[in-house]
Amino acid sequence: AGATLTPADKAAKTRKANAKTRAEKDKIDRARDNLFKKGSAFKPTQRDEIAGIDNALREVEDVIHWLRHSQEYQEYGSRLEPGVILEGPPGTGKTLTTRWIATASNATFVNIRDFAHAGSLYSDTDIADLFRRARAKYAESKKPVLLFWDEFENAAQDRRDATPEQVAIVSQLTA
């Protein structure tokens, strides 16, 4: 049989575990702070690099114009939807288009894959922190913040193994 821990040993073990958890949370917080300071690295893209989706790109030009001049539009009470979803099969230019939007609008580009989190899936707290940081970055810099989440349906790849919270997050984001 194993040795029985004394109350003092149990308390020391708990303090050590709590310190490790705090250190992990601090590390994640620092990584998130740095991501929003610099944004994610991406290859700047020009419109002429994207071929075959001219009709969609014309609509995207309106979004870029709004992002470039959002302060002026807001003075007149105009408001852009909080998000744009580009959907389609692989290889249709969604990622390239997103990089063009970020380049043309001078947005802070944040790839969700770079957003540090504990565990293999994002929690509702992670998602709330992501959007809180994006709003804070916009309020501070007055530059648009583009959150790029490639294939976000994979956030809970096998919903049978996901927690109800994870299924709800994916459902809300894909609704």
Residues that are open to solvent by 20 Å² or more (accessible area, probe 1.4 Å), in contact (Cβ under 8 Å) with a residue 12 or more places away in the chain and in contact with a strand residue (DSSP E or B) (Cβ under 6 Å, 6 or more places away or on another chain): does region 115-125 have at least one?
no
Just wondering, is there one or more residues in region 151-165 that are of a type outside the set (Gly, Ala, Ser), surrounded by 18 or more Cβ atoms within 10 Å (Cβ to Cβ) and either touching a Lys or Arg at 6+ places or on another chain (Cβ under 6 Å) or at pLDDT below 90 (or both)?
no
With the condition being within 24 Å of residue 129 (Cα to Cα) and open to solvent by 70 Å² or more (accessible area, probe 1.4 Å), I'd like the helices (runs of 4 or more DSSP H) fully within region 1-109 carrying at least 2 qualifying residues.
7-38
Does any residue of region 12-23 turn out to be under 19 Å from residue 113 (Cα atoms) and aliphatic (A, V, I, L, M)?
no
Going through region 58-73 in order, the residues found to be closer than 11 Å to residue 104 by Cβ and within 22 Å of the chain's Cα centre (by Cα) are 60, 63, 64, 67, 68
State yes or no: is residue 28 modelled with pLDDT of 90 or more, over 24 Å from residue 84 (Cα atoms) and not polar (S, T, N, Q)?
yes
Under the condition of being at pLDDT 80 or above and part of a loop (DSSP other than H, G, I, E, B), which residue from region 110-121 is farthest from residue 139 (Cα to Cα)?
117
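The values are calculated or read from the model by the stated rules, or taken from the named source; none is laboratory data. Because the structure is predicted, anything quoted here is derived from the model rather than measured. We place every Cβ from the backbone using ideal geometry, glycine too, and count neighbours over all the protein chains shown. Side chains included, ligands, DNA and RNA excluded: accessible areas come from the protein's heavy atoms. Shrake-Rupley method; radii C 1.70, N 1.55, O 1.52, S 1.80 Å.
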